[in-house]
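The values are calculated or read from the model by the stated rules, or taken from the named source; none is laboratory data. Because the structure is a prediction, the values reported are computed rather than measured. Every residue, glycine as well, gets a Cβ built from its backbone with ideal geometry; the counts of neighbours run over all protein chains shown.
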Amino acid sequence: MHEPYYLTTAIAYTSRKPHIGNTYEIVMTDALARFRRMQGYDVYFLTGTDEHGQKIEEIAKEAGITPQEHVDKIAGEIRAICDLLNTSYNQFIRTTDEKHTKIVQDIFRRLYDQGDIYKGEYVGKYCTPCESFWTESQLKDGKCPDCGREVRDAKEEAYFLKLSKYQDWIEQYIEEHPDFIYPEARKKEMLNNFIKQGLQDLCVSRTTVKWGIPVPFDDKHVIYIWIDALSNYITALGYDVNGNHGELYKKYWPADVHIIGKDIVRFHSIYWVIMLHALGAPIPKKVFGHPWMLFGNDKMSKSRGNVIYADELVDRFGVDAVRYYLLAEMPFAQDGSITYESMIERFNSDLANTLGNLVNRTVAMVNQYFGGIVPEKSLIAAAPEEACDAELKEIAESAADKLTENLDSFRVSDALAAVMALASRCNKYIDETTPWVLAKNPESRPRLARVMYHLLSGIRILGGLLKPFMPETAEKILKHTPETDEIRAIECELDRCRVFGGVQYGAAVGEAKPMFVRVNAEALLKELAAAQAAPAEEPAAAESAPEPFAEQIDIDTFAKSDIRVAKVLACEKVKKSNKLLCFRLFDGVGERQVVSGIAKWYTPEELVGKTLLVVANLKPVKLCGVESCGMICSVEQPDGSVRLVTLDDTLLPGSRLC
């Protein structure tokens, strides 16, 4: 039986539809859950929604609906986003669930009966958005220390949880369990800013709010968010205050890790832990507080007009591209950032060029040189292994260990970077081995076979390691690298990624199809800007009509032009010009240098790896002292801008336009 592993997200608050910054957490946790399953763990992954409180009560009132109607709608939207992003949660809990309500009431009663909750009166400052009480000394510039909003005077009868009773215990526990709060900076913050300053007893009920779980023995009060929402991690498993726990609780509790935002570490590492200790329940093994995903340099906010939603990004880029961006862009300890510009750049450079182009051209070459069939072992064995083969093999075989090392410490972006480093090394291997040159010499066929097999082997491992991050893309990749029976017999999926080779000799690799089609950054950003423009703006001036057609020519004249498919190997600016870019192209026969006046519309970096058309039989000329052997085909738009004619990556260099 596999060892159990229980991980959770914070449950999402059902006030509004979550933006992409809120969505990072569920995707990150899903990547960790998928990774643990690959290791062989019996994973249980919990997420859900927090559905009570004054804010929801007020929003529903403004909308003229009941709080239940409101949370039903928002909870549905939140779950739909989780499903849209292909997250593999085992349970989606709602705090309005009947089972949750009953267990929370049992917990409250137990804590009250044993003297850990008492009735008193609260006098202080209250922040409605955060649903938090504060003392005067805790405010920052007279405002809520968490969100910076206005607070109001509040005085009401309330029940309190005796945090102060456990002051010494919680401090000792955190000191004796140095890995409990992670990263280290979060632990220091909890100790120095909260615990050592002296814990105040916590208000755990309200009388001025009606939308909540009633206190079972005092119907004037509803149970406050701390006991209600935090308890979801055990109510979902069937916790019972009398010890008659459900099978899920017996199997999975304590949680291996709570994945939460950095702003709620205090609630999970102090309030929640003291509640569990008072109940005599085991403490979670770890609380990981991740940074925020910002819009540029700002926290996302509808009032600021800088909110991006997950479904909007998926519509434009696809599910796996959005997952990739979120996981690659968020640093371990600092806040991440998202803009459409950075999303497009990541998509084009990492996914279209580095990953998609690698898989596509490898499969295309196997189809062209070996009829779409993995070369036979005897043919491969006829060519000795060279230094670059051994280096690729070493990097591929060590990638799983690097992935594991980083994910064990929640360094998700570093783990993904380690996987993409393998993709980059495979691309370099193609440049080192030049399969198109080997294919021209029949005596090099064994060497060509070894090169193709090594590439397929590296791509098989790459596909396996991408499963936690981009599950659909990983499956597409693995369809091109059919595994041997020996590899499939390895029970642990991650161990399969530690074995180089493992591609079935003589199997079909399938048809080469682009996985990620490059995005036209200029056009998309222009479209987005137009969509965000105010309706009252003056309409744009009509674009000029296309130029009239040139003088007619006959077919023989046209046939004199030799237009070939070429791949961009390198590109740089011409030093003496602001308009010219110098390309190094592979045209199917060899390399050639071509100069093109498109520097105004493209950067050199975004052109590397593109497939385009070049007029190959033009006489060489010198432009700003640089020789140009051919002309790259481009299109002049009515507005005067110039766009390259780019092609499907399945078209092989040297193919002729006919």
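Points worth noting:
- Scanning region 558-584 for residues that are without any contact (Cβ under 8 Å) to a residue 40 or more places away in the chain and assigned to a strand (DSSP E or B) turns up Ala570, Cys571, Glu572, Lys573, Leu581, Arg584.
- Among the residues of this structure, Phe332 does not count as one that is more than 20 Å from His290 (Cα to Cα) and of a type in the set (Phe, Trp, Tyr).
- Filter result for Arg498 (over 19 Å from Val359 (Cα atoms), modelled with pLDDT of 95 or more and of a type outside the set (Asp, Glu)): yes
- Residue satisfying all of: in region 155-181; touching a Ser or Thr at 6+ places or on another chain (Cβ under 8 Å) and not in a helix (DSSP H, G or I); surrounded by the fewest Cβ atoms within 10 Å (Cβ to Cβ) among these: Glu157
- There is no residue in region 200-223 that is aromatic (Phe, Trp, Tyr) and buried (at least 23 other Cβ atoms within 10 Å of the Cβ).
- Helices (runs of 4 or more DSSP H) wholly inside region 463-528 containing at least 3 residues that are closer than 27 Å to Leu652 by Cβ: 471-479
- Single residue of region 604-632 satisfying the filter (out of contact with any Leu (no Cβ under 9 Å at 6 or more places or on another chain) and part of a loop (DSSP other than H, G, I, E, B)) that is surrounded by the fewest Cβ atoms within 10 Å (Cβ to Cβ): Lys619
- Which listed residue is closer than 26 Å to Arg36 by Cα and among the hydrophobic types (A, V, I, L, M, F, W, C), from Leu416, Leu379, Leu358: Leu416
- Across region 14-59, the number of residues qualifying as on the phi > 0 side of the Ramachandran plot, at pLDDT 95 or above and buried (at least 20 other Cβ atoms within 10 Å of the Cβ) comes to 1.
- Residue in region 301-313 that is of a type in the set (Ser, Thr, Tyr), more than 13 Å from Leu351 (Cβ to Cβ) and either modelled with pLDDT of 85 or more or assigned to a loop (DSSP other than H, G, I, E, B) (or both) present: yes
Here's the yes/no breakdown for (1) in contact with a Pro (Cβ under 8 Å, 6 or more places away or on another chain); (2) closer than 21 Å to Ala521 by Cβ:
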| residue | (1), (2) |
| --- | --- |
| Ile563 | no, no |
| Val574 | no, no |
| Cys629 | yes, no |
| Ile632 | no, yes |
| Arg643 | no, yes |
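- From Val568, Val594, Val589, residue being in contact with a Phe, Trp or Tyr (Cβ under 9 Å, 6 or more places away or on another chain) and modelled with pLDDT under 80: Val589
- Among the residues listed as Thr101, Thr87, the single one being under 26 Å from the mean Cα position of the chain (by Cα) and either surrounded by 15 or more Cβ atoms within 10 Å (Cβ to Cβ) or farther than 25 Å from Val287 by Cα (or both): Thr87
- Listed by position, the helices (runs of 4 or more DSSP H) inside region 338-396 whose residues that are surrounded by 22 or more Cβ atoms within 10 Å (Cβ to Cβ), out of contact with any strand residue (DSSP E or B) (no Cβ under 8 Å at 6 or more places or on another chain) and on the phi < 0 side of the Ramachandran plot number at least 3 are 357-370.
- The one condition from (1) within 24 Å of Tyr369 (Cα to Cα); (2) free of Cβ contacts under 8 Å to residues at least 40 places away in the same chain; (3) in contact with a helix residue (DSSP H, G or I) (Cβ under 9 Å, 6 or more places away or on another chain) that Ile490 does not meet is (1).
- A search for C-beta distances below 7 Å between a residue of region 211-226 that is among the β-branched types (Val, Ile, Thr) and any residue that is surrounded by fewer than 16 Cβ atoms within 10 Å (Cβ to Cβ), counting only pairs 6+ apart in sequence or on different chains, returns Val222/Lys210.
- Looking only at region 428-446, residues that are out of contact with any Phe, Trp or Tyr (no Cβ under 8 Å at 6 or more places or on another chain) and either buried (at least 20 other Cβ atoms within 10 Å of the Cβ) or of a type in the set (Val, Ile, Thr) (or both) come to 6 in all.
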